[in-house]
Amino acid sequence: MADPRFFRRSGPFRLQELAEHAGARLLDPAAGEMLIHDVAPLDRAGPEDLTFFDNPAYLGQYRETGAAACVTAEKHAGKAPPGTALLISPAPYGAYARIAQLFYPPPPVMPGRHPSAVVHETALIGEGAWIGPCAVIEAGVRIGAGSSIGAGTVIGENAEVGADCRIAPNCTLSHCIIGDRVTLHPGVRIGQDGFGFHPDPRGHVKVPQLGRVRIGDGCEIGANTTIDRGAGPDTVVGAGTWIDNLVQIGHNAETGQGCILVAQCGLSGSTKLGNFVAIAAQSGVAGHLTVGDGARLAARSGSMHSIPAGETWGGTPAMPLKRYFRMLKTLEKLGEQKVEKG
Amino acid sequence: MADPRFFRRSGPFRLQELAEHAGARLLDPAAGEMLIHDVAPLDRAGPEDLTFFDNPAYLGQYRETGAAACVTAEKHAGKAPPGTALLISPAPYGAYARIAQLFYPPPPVMPGRHPSAVVHETALIGEGAWIGPCAVIEAGVRIGAGSSIGAGTVIGENAEVGADCRIAPNCTLSHCIIGDRVTLHPGVRIGQDGFGFHPDPRGHVKVPQLGRVRIGDGCEIGANTTIDRGAGPDTVVGAGTWIDNLVQIGHNAETGQGCILVAQCGLSGSTKLGNFVAIAAQSGVAGHLTVGDGARLAARSGSMHSIPAGETWGGTPAMPLKRYFRMLKTLEKLGEQKVEKG
Amino acid sequence: MADPRFFRRSGPFRLQELAEHAGARLLDPAAGEMLIHDVAPLDRAGPEDLTFFDNPAYLGQYRETGAAACVTAEKHAGKAPPGTALLISPAPYGAYARIAQLFYPPPPVMPGRHPSAVVHETALIGEGAWIGPCAVIEAGVRIGAGSSIGAGTVIGENAEVGADCRIAPNCTLSHCIIGDRVTLHPGVRIGQDGFGFHPDPRGHVKVPQLGRVRIGDGCEIGANTTIDRGAGPDTVVGAGTWIDNLVQIGHNAETGQGCILVAQCGLSGSTKLGNFVAIAAQSGVAGHLTVGDGARLAARSGSMHSIPAGETWGGTPAMPLKRYFRMLKTLEKLGEQKVEKG
């Protein structure tokens, strides 16, 4: 059970409700009235808990779980212990996630503003929104209904934040238009100048950065991530894109919908990702390139070329992953030969 | 045209004024009285706009631009459309940057201090400076004339900030001396302890970090970048050096003048860069090394050796770039051989 | 001598006191009454200063130092100049660090709270603690005795901070339990959601992150470092672990005691480090791995495999360091062959 100082649990829920909420099928309808009180991992779940099983590595724990109920795939139904009611789903982890959300919904936004917040009289704050202590909302800012602005967050002139957003404490936003249901974790920086200048030994000459940042609906952006505004065009994060911590997005870069950018990766200026692209941790894509729909870049890779849709690349400089693995194997053998000779 | 909610445009300006401001030559002096209202890229510029052309990749757009005027190099003059007045410059992008600055100057600093700012009575705030909401200025701090301190920024005891600086919101400064005309983007951390200690299984023993950070005139430092103070000597960023987002500068490191450090790169402790050194994105230089004047390190490279002046290195461990590319080519062939055999 | 605007010096101390404090042996007991006024490097130390010598690269400076006293190893005693009193220690740098701490102790914490701090009435603030300007302490938070909370730092509901901690300005803490004597540098983010979700083209499904972050006693965490809370289990930083700037720690990751994580490195989710593990700068360890006690990962390396205790690995993908160096050598020769042929 989650630490009650930090997490408020809802429920209990009837198993039938949970199945419906998750889009899963209850294998034995007779179990539908059973009350479930919590979610828990396979090895810690008890007679009031729901768990899930998907990764065969945990088969041993699955066979012996004490859970009241378990979400799993059709093919694994036969291996469950007899006392555990099964919810069948083609995507057990996703179904479990939806059920866990029901037990642990995000805390509600408390409407109002803390007296220490500095809100300009021309700012428009939507109904039910919360402005935290020492937050600073400048002139002309618009905050949508139900959004929460964390303590110490600073939102610059005329920036827009949509409805039902969760902006954590100590973020800085300017020159940006943020969609609905966007989550920003602490320390996110959005809208500052891009790194655009004419290099000159007598003093680099700044090129005014005249674009904005646009963040689509349903995005999530990790702690201390930085997204510079465009130089003329906008920098764009497509709807439903999730970005991890300490990621850098250069000016004019664009991501499509549903992309995944893992911690400490970076997109150079003017690079464009298609939809559902995944860039793994500590990787980078050079500037002015395109990465096609559904393409993936492995962790710690650096791409100097555009990546076609659907392909998975790796290495620095990055190449198709199979070729990269082949090269690594060749390298490894060469290294070993050296030993035999030496 | 830039979004007027975020950018205030000046002008119009006579083309002759713009040429003089940019140090460019007006090809047809008769066009000098023409009024220019805005800057725009080649493909979007209209009959009141100025644009620029430098990169041959955009020759097609240049030939068909609808711009009233265009900054370009002498050699490209013949390919411009007849209706476009030309400004000739040996460095068209730099000339364009200067003109764009004229149309979109940085917003002026509004003198004063927000009532929610916490300014110690012994702090000396220069004439015309601005201290933003919830900013904290500790005892003995000096802020130069015309500088702007963003909301929520904290400046520790006795730190100095020069004149005409732009310190963004949510920065943290201590143990530092910042020059004139320095720009810090949001979330910059300057002057905290370096990572100096005697490793000991019974508890690492901290070595007091007794130096400072000195930032030269005209520097620009990107969002969430961290610069530790020196251990005894100072950490130094030379005048006119530009640093991108999420960069790490270790204790006692030094950069010369006009260096360029691109996003997510790092300088280890006590490493010294000469003047006009460029370190590309996601690269690193190990500790106690030197990088000579004008040297360059390619993106995603890691140097374990000092780099001579004027050379360009790449790879991890880094080597002269030509050698690195040759090695990559050899590797590539080896990988392909493998396929033929298999 | 350190800049007195930023550092307050204690002393003078008798050499005998210093020897005792550092656990070092005074070679000539007659020098015990000598008064030492400051610490300084070999080449700048004068007749009132103590210095240290350990690294043979500085032998020339050692032979000519003007220091009143010097900490060094037994084996180097014979090469000191005659006028310099010697303190003999098996770990001269550690002994020096302890002496330097005596001359430059951390500034004392001033008890109280700034009137602009926002402290919830249910928060428990220990005796002698300091809450800085515009800091925000939410409901149910506990701050231990003698701890200092920097300006603009935000501590979320029910979080715990132990005794004698130094939390710098502009940090953000939530869902965490911090031990005693912990130092957080500016911009640290602890306790935000981990990057856990079921990827789905119709919208990624968040898996509620129900764990916490636990930081052991005596840890030090660098500027702008991010530590996500666990998904169910906790994310754990073991006692005495030191973490540099811009480091990423994923959900459920654990470090043992006394680990060292250098700047810009990252630990992926659920990876576990043993005790006294060192991860060098810009490196990464993939998820769900283990790194054994005392193991080390070289700078700019990426490990896709667990690392056995006591081993040193390097490269991407990482392998035992000797093998990696052998492979680099082979590669280098191949590159050169190419030249001869071409």
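The values are calculated or read from the model by the stated rules, or taken from the named source; none is laboratory data. Since the structure is predicted, the reported quantities are computational estimates derived from the model, not experimental observations. Note that each Cβ is placed from the backbone with ideal geometry, even for glycine, and that neighbours are counted across all protein chains shown. Note: accessible area is taken over every heavy atom of the protein model, side chains too, but ligands, DNA and RNA are not part of it. Shrake-Rupley method; radii C 1.70, N 1.55, O 1.52, S 1.80 Å.
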Next item on the list: Specify the residue that is farthest from the other protein chains (Cβ to nearest Cβ); the eligible residues are those in the stretch A:93-103 that are open to solvent by 10 Å² or more (accessible area, probe 1.4 Å) and in contact (Cβ under 8 Å) with a residue 12 or more places away in the chain.
Entry: A:LEU102
Next item on the list: Answer with yes or no whether C:ARG214 is closer than 14 Å to A:PHE6 by Cα, in a strand (DSSP E or B), in the same structural domain as C:GLY269 (by TED's automatic domain parsing) and touching a Cys at 6+ places or on another chain (Cβ under 8 Å).
Entry: yes
Note to self: Given the criteria more than 25 Å from B:VAL262 (Cβ to Cβ) and at pLDDT 95 or above, does A:GLY152 qualify?
What the structure shows: yes
Item checked: Selection status of C:ALA239, modelled with pLDDT of 95 or more, touching a Gly at 6+ places or on another chain (Cβ under 6 Å) and surrounded by fewer than 24 Cβ atoms within 10 Å (Cβ to Cβ) -> yes
Check: Given (1) outside the structural domain of C:ALA85 (by TED's automatic domain parsing); (2) on the phi > 0 side of the Ramachandran plot, where does C:GLY23 come up short, assuming only one miss?
Finding: (1)
Check: Under the condition of being open to solvent by 20 Å² or more (accessible area, probe 1.4 Å) and not small (Gly, Ala, Ser), which residue from the stretch C:279-288 is farthest from the other protein chains (Cβ to nearest Cβ)?
Finding: C:HIS288
Next item on the list: Have a look at A:GLY216, A:GLY250, A:GLY287, A:GLY269 and point out the one that is under 28 Å from A:LEU321 (Cβ atoms) and within 20 Å of the chain's Cα centre (by Cα).
Entry: A:GLY250
Next item on the list: Please determine, by comparing only the residues of the stretch C:219-245 that are free of Cβ contacts under 8 Å to residues at least 24 places away in the same chain and more than 10 Å from chain A (Cβ to nearest Cβ), which one is farthest from A:PRO107 (Cα to Cα).
Entry: C:TRP242
Next item on the list: Filter the stretch B:14-37 for residues that are assigned to a strand (DSSP E or B) and surrounded by fewer than 22 Cβ atoms within 10 Å (Cβ to Cβ) and give the result.
Entry: B:ARG14, B:ARG25, B:LEU26, B:LEU35
Notebook entry, point to check: Among the candidates B:GLY203, B:GLY187, B:GLY144, B:GLY216, which residue alone is within 14 Å of chain C (Cβ to nearest Cβ) and either surrounded by 22 or more Cβ atoms within 10 Å (Cβ to Cβ) or more than 30 Å from C:ILE243 (Cα to Cα) (or both)?
Noted result: B:GLY187
Check: With (1) part of a loop (DSSP other than H, G, I, E, B); (2) modelled with pLDDT of 95 or more; (3) under 29 Å from the mean Cα position of the chain (by Cα) as the list, and C:MET1 as the residue in question, which single condition is left unmet?
Finding: (2)
Margin query: I'd like the full set of residues that are farther than 17 Å from C:VAL119 by Cα and within 26 Å of the chain's Cα centre (by Cα), limited to the stretch A:126-135.
Written below: A:GLY126, A:GLY128, A:ALA129, A:TRP130
Next item on the list: Out of C:HIS175, C:HIS251, report the one residue that is under 21 Å from A:VAL39 (Cα atoms) and in contact with a Pro (Cβ under 9 Å, 6 or more places away or on another chain).
Entry: C:HIS251
Item checked: Subset tally (residues that are open to solvent by 40 Å² or more (accessible area, probe 1.4 Å) and more than 10 Å from every other protein chain (Cβ to nearest Cβ)) for the stretch C:119-141 -> 6
Margin query: Tell me the residue from C:PHE276, C:PHE325 that is without any contact (Cβ under 8 Å) to a residue 60 or more places away in the chain, open to solvent by 30 Å² or more (accessible area, probe 1.4 Å), aromatic (Phe, Trp, Tyr) and within 7 Å of another protein chain (Cβ to nearest Cβ), please.
Written below: C:PHE276
Next item on the list: Kindly provide the set of residues from the stretch A:66-106 that are outside any helix (DSSP H, G or I), β-branched (Val, Ile, Thr) and closer than 24 Å to C:LYS206 by Cβ, ordered by number.
Entry: A:VAL71, A:THR72, A:ILE88
Note to self: So, C:GLY146, is that one closer than 25 Å to B:VAL118 by Cβ and under 22 Å from the mean Cα position of the chain (by Cα) or not?
What the structure shows: yes
Next item on the list: Among the residues of the stretch C:165-178, count how many are part of a loop (DSSP other than H, G, I, E, B), open to solvent by 10 Å² or more (accessible area, probe 1.4 Å) and within 14 Å of chain B (Cβ to nearest Cβ).
Entry: 2
Margin query: Looking for something in a loop (DSSP other than H, G, I, E, B), more than 9 Å from chain A (Cβ to nearest Cβ), within 22 Å of B:MET327 (Cβ to Cβ) and not hydrophobic (A, V, I, L, M, F, W, C) - is there at least one such residue anywhere in the stretch C:309-320?
Written below: yes
Next item on the list: List the number of the failed condition for B:PRO56; all other conditions in (1) open to solvent by less than 80 Å² (accessible area, probe 1.4 Å); (2) farther than 26 Å from B:PHE7 by Cα hold.
Entry: (1)
Next item on the list: Go through (1) open to solvent by less than 60 Å² (accessible area, probe 1.4 Å); (2) at pLDDT 95 or above; (3) touching a Phe, Trp or Tyr at 6+ places or on another chain (Cβ under 6 Å) and name the single condition A:GLY11 misses.
Entry: (2)
Check: If you take the residues in the stretch C:299-318 that are of a type in the set (A, V, I, L, M) and out of contact with any helix residue (DSSP H, G or I) (no Cβ under 8 Å at 6 or more places or on another chain), which one is least open to solvent (accessible area, probe 1.4 Å)?
Finding: C:ILE307
Item checked: Criterion violated by A:GLY269 - all others in (1) without any contact (Cβ under 8 Å) to a residue 60 or more places away in the chain; (2) surrounded by fewer than 24 Cβ atoms within 10 Å (Cβ to Cβ) satisfied -> (1)
Next item on the list: Could you figure out which of (1) assigned by TED's automatic domain parsing to the domain that holds C:ILE215; (2) buried (at least 24 other Cβ atoms within 10 Å of the Cβ); (3) closer than 28 Å to A:PHE7 by Cβ isn't true of C:ILE149?
Entry: (1)
Next item on the list: Determine, yes or no, whether B:PRO90 is open to solvent by less than 50 Å² (accessible area, probe 1.4 Å), more than 10 Å from chain A (Cβ to nearest Cβ) and at negative phi.
Entry: no
Check: Does B:ALA85 count as within 14 Å of chain A (Cβ to nearest Cβ), surrounded by 15 or more Cβ atoms within 10 Å (Cβ to Cβ) and in contact (Cβ under 8 Å) with a residue 40 or more places away in the chain?
Finding: no
Notebook entry, point to check: Exactly one of (1) in a strand (DSSP E or B); (2) open to solvent by less than 20 Å² (accessible area, probe 1.4 Å) is unmet by C:GLY258. Its number?
Noted result: (1)
Check: Can you name the residue in the stretch B:190-200 that is buried (at least 24 other Cβ atoms within 10 Å of the Cβ) and facing chain C (nearest Cβ under 8 Å) and is also nearest to B:ASN224 (Cα to Cα) among such residues?
Finding: B:GLN192
Note to self: I'd like the full set of residues that are more than 12 Å from chain C (Cβ to nearest Cβ) and not in a loop (DSSP other than H, G, I, E, B), limited to the stretch A:107-118.
What the structure shows: A:GLY112, A:ARG113
